[in-house]
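Have a look at the structure below before the remarks.
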Amino acid sequence: MNAKHSIYILTAVVLTVVLLEIGLRAFENRLSGNLNHINQIPDIAAEYEQHQGTNILFLGNSLINEAVDISQLNRQLSDDYLVKKITPDGTSLWDWNMILRNNLITPDMQLDYLVIGFAWGLLNDDYRPNPSRLGGYFSGLGDGLLLFDYGMSDFAELSEFIIGWASKLFVNREAVRNKILNNLVPNYETFVQVQNQAGAPDQAVHQTQADGTLPDYRMLNDLIDQLDEQGIKLVMIAMPIEGAYSVNEKLKETLQKRAYLYKDYRDNFRSFGALYKDGVHFNEKGREQFTHTLGKLISQELSGQ
């Protein structure tokens, strides 16, 4: 009797998990705007296969998402340009590398310029990845060996990667939790956003100082090799924030030598509150000014094939 009872309970749990998985896959775009954006990446990439003019993609996380107004850029530039952005929240070079390899670095792609905005240690190989997100959205099991070679070799990370590939429920466990708590706790979403914004710079700064040695940029150099093979010109932007952060000499030398263009805006747009809504992300005024600067940059330096 006890054995049968245990089997019934186990079956019920399995069926519940399966139904939740199916439901989440069907409605995950409603879970958050970030997930909706992630699921639009293949459609964004497909637009570059058709457009015959100058194709430009901005790639990064919320730092560049909040800094670039595509509608304003379109008004500044001629119809010859197709400008889009792929900017999932909380991502780093680990994610950007796989987004590019699996969606944009293909023989049919006609991308001319790739613009990556970065800060802190987001380009470092030792910046730890989010394995479940990589497995669930940006790569597949076939990319496992490459990710292992880049340093995602910890058993826990590999397990997360495989489970994330198999289960969207596992990948989005925090988003599901936040969605539920947001409906139960007043102002919970605002509280989480403030905590994330306050904690991100400190975490990233810490990762630039691992072991007191200069980080390795093998992943970045490999990516540049892939872009060069496809004739895609790389523009790297050290993003401005209200505070200060360092770009070590090894990274600066790599970008100056290997990128098509490296622009350092760290000391620009210092306003002490007038241009930033949280010390890291631009407010509307800051976004307008920064986008205007990018429009001039594109017109002057990215205006040809």
Practice item. Would you work out the charge dipole size for the stretch 113-176 about its Cα centre, treating the Cβ of every Lys and Arg as +1 and the Cβ of every Asp and Glu as -1, and quote it to the nearest 20 debye? Key: 300 debye
Point to revise | For Lys285, Lys85, order by how many other beta-carbon atoms lie within 10 Å, fewest first | key: Lys285, Lys85
Review point. Which pairs, out of Lys85/Lys250; Lys252/Lys277; Lys263/Lys296; Lys233/Lys257, put more than 20 Å between their alpha-carbon atoms?
Key: Lys85/Lys250; Lys252/Lys277
Review point. Under a 5 Å amide H to amide H cut-off, with H placed in plane at 1.01 Å, what residues pair with Tyr265 once short-range neighbours are removed?
Key: Ala238
Check your understanding: Thr54's amide H: which non-local residues (gap 5+, or another chain) put their own amide H closer than 5 Å, with H modeled 1.01 Å from N in plane and none for Pro or chain starts?
Key -> Tyr81, Leu82
Review point. Using 7 Å Cα-to-Cβ label points, what is the Lys277/Gln50 separation (nm, one decimal)?
Key: 3.1 nm
Review point. Classify the stretch 215-305: rounded, prolate or oblate, from the alpha-carbon gyration tensor (a ≥ b ≥ c, eigenvalue square roots; a/c under 1.5 rounded; otherwise prolate if a/b is larger than b/c)?
Key: oblate
Point to revise | Order by protection proxy (mean Cβ within 10 Å, highest first), peptides 115-128, 61-74 | key: 115-128, 61-74
Revision key, fill the gap. Sorted on mean Cβ neighbours within 10 Å (highest first), peptides 88-95, 287-294 come out as 88-95, 287-294
**Study point:** Separation of the Asp222 and Glu301 label points, Cα + 7 Å toward Cβ, nm
**Key:** 2.8 nm
Review point. What's the extension gain from Gln76 to Leu261 if we count 0.36 nm per residue and subtract their Cα-Cα distance?
Key: 64.5 nm
Point to revise | For Lys85, distant residues with modelled amide H under 5 Å away | key: Phe58
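We did not get these values from a lab; they are worked out from the coordinates using the rules stated. Not measured: the values here are computed from a predicted model. Cβ coordinates were reconstructed from backbone atoms using ideal geometry, including for glycine residues, and neighbour counts include every protein chain displayed.
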